[in-house]
Amino acid sequence: MSLAVIQALVLRYLFLYTRSPMRLVELIFWPVVELVIWGYLTLFIQENTTGDFPRIIVFLLGAMILWDVIFRAQQGVAISFLEDVWTRNLLNVFVAPVRTVEYLAATFCVGFLRILVTITVLGLVAGFMYSFNIFTLGWALLPFFMNLMVSGWALGMISTALILRWGQAAESLAWAVPFFIQPFIAVFYPVSAIKPEWVQTISWALPPTHVFEGMREVLKTGVFAWDKFFWAAGLNLIFLTAAGMVFFYMLTLTRRRGLLTKFATQ
Amino acid sequence: MPTPDPREVILEARDLTREFDGVKALDAFNLKLHRGQVLGLLGANGAGKTTAMNCMLGLTLPTSGALFAFGKELQAHRIEILRRANFSSAYTALPANLLVWQNLLVFAKIYRVPKPKERIAELLEMMEISHLHKRVTGQLSAGESTRVNLCKALLNKPELLLLDEPTASLDPDIADKVRKIVLRIRSELNCGILYTSHNMKDIEEVCDHLMFLHKGKVVMEGTPKDIVERSSSSTLEDVFIKIARDGEIVDETTKKEEVAP
Ligand SMILES: Nc1ncnc2c1ncn2[C@@H]1O[C@H](COP(=O)(O)OP(=O)(O)O)[C@@H](O)[C@H]1O
Ligand SMILES: [Mg+2]
């Protein structure tokens, strides 16, 4: 792996983002809109009910922000690939001395940078409007964050593999794939709320579930659930490896079918 | 017949076959490209020129056959080979919203070019497009973007250069400039160039050696002059049309039909 090559590819994405401010807007606009709507809704319900509600706004906002970590990491990988397709640049990259792992590593970095931007903005908005301090999660934030990012990368590789398989017509998968698993990973509700019960087995098999459950535990009890962390990390390792294998397999298949060049010149 | 070139073979295809859905886009194709040589692949639309080039770049895997560059098997040494090679095509582009220098800088870094800024300035000068340095890549004319693509293709001083229809959609003046540049590159870098085109002027002016493709098969090969003489035609264009229309041509030296339709 060459660091210089990864840097060069990341530089390209940085140029791309600075040259197209609309992309930055997209990075900030949607998450903020979502946060504001969820925030107002919970505030409204809170005012009109009694009981356990004060804590629920904290859960929801925390969940929203952490969900965005997965989504942005996934987008970093999938959209970066699509950028190369859209700009008809894919061939230039694939005939350059760029190893597939270097290409992926660069898209992972882009995912990381996208997360940083979005999280910072969301953290500020949540703090300002709902006095939700993302740092109430304390240092637990870091392992949560890392686990979700890795899950996002894995989903990104799966999205790209699917686009390679079904062509550019399937490019909306780049946005859809994370939502395939969203209902199961207990982002906004506990796993116990998922019915019928056997579906909960699926939930526990997905790494982010452990993160979101762990998040609620920290917020409720202040105790960091190490077992959940290790489950998430272990499952992530398996998911990332599997997703990487699927991606490499699809890329080879695309080369064998002679379709890589079709992508690049359409 | 010209004496065989004793110089180093930098690219070799052996019995390369590529099928798409049972149809052979490339059929037992053999090629040897020497250092310092410009080899032209000629043929009608769909003859298999781009397929041949894509296989040689490792973008498309051949159905059967073997490929070597600099004496090494292509797939096993892909990265190493690609560092010493480059490619430009009329059908690819550099990211449209980046500035010309940004695009070139990124590729200079990918190819680990020493002193990238100087190299970029030197190439832009050579292409007579220094003034486009700060322009948005997507807003360039066809002629301008072809030359920017060529700059990209020369950043790493390639020993092997693959050009797929570099003069497609260019006006005669710019096409002429591009041809002159290709010749200049060849002599300055002493690289081997594989050149596809269906523009006869290109071929006559630029190529030392020609291979006529028809339905994936090489139907004729030799120097441009040689080919015209052997096929009892008056111009290359005649040869081209004959091959494109019926896929067969009588080689006067051997009196045999080289290919069946
Ligand atoms: N990915 C592909 N899938 C199916 N057929 C293809 C593909 N790529 C090329 N072909 C076919 O292979 C033949 C050769 O195409 P190509 O190499 O592009 O020709 P040329 O560059 O000489 O115009 C054509 O018949 C074309 O339709
Ligand atoms: Mg072609």
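What to note about this one:
- Elements of type helices (runs of 4 or more DSSP H) in the stretch A:37-150, at least 3 residues being modelled with pLDDT under 80: A:53-86
- Flag for A:ARG12 being modelled with pLDDT under 85 and within 14 Å of chain B (Cβ to nearest Cβ): no
- From the list B:LEU74, B:LEU105, B:LEU98, the one residue that fits, being free of Cβ contacts under 8 Å to residues at least 40 places away in the same chain, in contact with a Phe, Trp or Tyr (Cβ under 6 Å, 6 or more places away or on another chain) and away from ligand 1 (no atom under 14 Å from the Cβ), is B:LEU98.
- Taking the stretch B:198-213 as the range and being at pLDDT below 90 and farther than 12 Å from B:PRO224 by Cβ as the test, the residues that pass are B:HIS198, B:ASN199.
- Among the residues listed as B:ILE181, B:ILE203, B:ILE227, the single one being within 30 Å of B:VAL23 (Cα to Cα), of a type outside the set (Gly, Ala, Ser) and away from ligand 1 (no atom under 16 Å from the Cβ): B:ILE227
- Counting only helices (runs of 4 or more DSSP H) wholly contained in the stretch B:100-174, the ones carrying 3 or more residues that are at the interface with chain A (Cβ under 10 Å from one of its Cβ atoms), more than 16 Å from ligand 2 (Cβ to nearest atom) and of a type outside the set (Asp, Glu) occupy B:100-110.
- Residue satisfying all of: in the stretch B:41-92; under 15 Å from the mean Cα position of the chain (by Cα) and assigned to a strand (DSSP E or B); farthest from the other protein chains (Cβ to nearest Cβ) among these: B:LEU42
- Just one of the listed residues (A:GLY222, A:GLY167) is away from chain B (no Cβ under 14 Å), within 16 Å of ligand 1 (Cβ to nearest atom) and at positive phi, namely A:GLY167.
- Taking residues in the stretch A:22-50 that are farther than 17 Å from A:LEU60 by Cβ, and partners anywhere that are of a type in the set (Ser, Thr, Tyr), the pairs with Cβ atoms closer than 9 Å and at least 6 places apart or on different chains are A:ARG23/A:TYR17; A:LEU24/A:TYR17; A:LEU24/A:THR18; A:LEU27/A:TYR17; A:LEU27/A:THR118; A:ILE28/A:THR118.
- Enumeration of residues in the stretch B:50-78 that are of a type in the set (A, V, I, L, M, F, W, C), open to solvent by less than 50 Å² (accessible area, probe 1.4 Å) and more than 16 Å from ligand 2 (Cβ to nearest atom): B:LEU61, B:ALA66, B:LEU67, B:PHE68, B:ALA69, B:PHE70, B:LEU74
The values are calculated or read from the model by the stated rules, or taken from the named source; none is laboratory data. Bear in mind the structure is a predicted one, so any value in this text is a computation, not a measurement. Ideal geometry is used to build each Cβ from the backbone, glycine not excepted, and the neighbour counts take in all protein chains shown. With ligands, DNA and RNA removed, areas are computed over all heavy atoms of the protein, side chains included. Shrake-Rupley method; radii C 1.70, N 1.55, O 1.52, S 1.80 Å.
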